[in-house]
Amino acid sequence: MATEPSPAVRLKVNEIYLSLQGESTWAGLPCVFVRLTGCSLRCSWCDTAYAFYEGENQALETLLAKVAGFGVKLVEITGGEPLEQEGVYPLMEALLAQGYRVMLETSGALDLSRVPRDVVKIMDVKCPGSGEAPRNLWDNLGKLVPGQDEVKFVVKDREDYDYAKAVMGKYALAGRFTLLLSAAYGDLKPADLAEWITSDRLPVRMQLQMHKYVWPDATRGK
């Protein structure tokens with residue numbers, strides 16, 4: 001029997017909405033997004049700065065009811081940086097117990113030890129162009145689940161691309177995890193990234209942020 005969520009658990013929620021998953025190997029699927037408030041990083045290409053502070057405190061059971069109301073079993077918890085809120089752990093556990101496929105979008109700057117194994121972790125490795133590369137917590141690579149979790153690099157320029165390649169080699173990531181390379185929107189032409197990847201025969205999945213092409217004028221909720 002699933003454990004009932006504690007009424008004492010509350011989270012600060014920036015927004016919750018139904019859209020298409022825009023990134024990762026799950027791209028294109030209907031997905032409920034739970035965006036939590038707060039992030040201590042300030043990546044140069046961040047497109048969700050509104051989530052740094054804006055949000056509403058909600059009880060866990062209220063949040064779970066809102067998720068259920070969308071009628072979709074794929075849920076992504078994102079931010080901001082969702083692991084900065086203690087309530088994210090009972091949220092993930094409750095969603096798993098209720099039969100959801102749960103994804104976590106995380107910066108890689110906070111310890112992943114407490115994230116439930118069955119949560120699909122999409123972990124960023126911050127490249128130099130983000131301005132936050134010193135925040136990479138390299139031990140987290142050893143806490144990912146091979147064959148399940150994914151490692152993402154947002155690439156702003158050639159320096160970032162070469163950095164990503166070096167990280168993949170140093171930590172022997174290829175073949176263990178899906179590796180995602182994304183062109184920083186508005187900073188790097190996707191065609192340039194595609195050329196670098198194909199020239200190097202790099203074993204990665206290039207991705208575009210689908211939602212930004214489907215809804216180019218939307219700043220949130222997509």
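Which Cα, out of Tyr163, Trp26, Cys39, lies furthest along the positive dipole direction of the range 10-214 (beta carbon charges, K/R +1, D/E -1)?
So the residue we want is Trp26.
Can you list the equivalent-ellipsoid semi-axes of the chain, largest first and in whole Å, using the square root of 5 times each Cα gyration tensor eigenvalue?
29, 19, 16
Using 0.36 nm per residue of separation minus the Cα-Cα distance, give me the extension gain between Thr25 and Leu208 in nm, one decimal.
Once the chain is fully extended between Thr25 and Leu208, it gains 64.8 nm.
To the nearest 20 Debye, how big is the dipole of the chain about its Cα centre, given +1 on the beta carbon of each Lys and Arg and -1 on that of each Asp and Glu?
It comes to approximately 340 debye.
Going by Cα centres, the range 130-203 and the range 9-71 are how many Å apart?
24
In degrees from 0 to 90, rounded to the nearest 10, what is the angle of the helix 190-200 Cα long axis to the longest principal axis of the chain?
Rounded to the nearest ten degrees, it is 60.
At a 10 angstrom cut-off on C-beta neighbours, averaged per residue, how do the peptides 93-104, 121-132 rank from highest to lowest?
Result, highest mean first: 121-132, 93-104.
What number, rounded to the nearest 500 deg cm²/dmol, is the helix-based mean residue ellipticity at 222 nm of the chain, given -39500 (n - 2.57) per DSSP H run of at least four residues and division by all its residues?
-6500 deg cm²/dmol
Read the figures in this text as sums done on the coordinates, not as results from a lab. What you are looking at is a predicted structure, and each value in this text was computed from that prediction instead of being measured. Cβ: placed from backbone, ideal geometry, glycine included. Neighbour counts: every protein chain shown.
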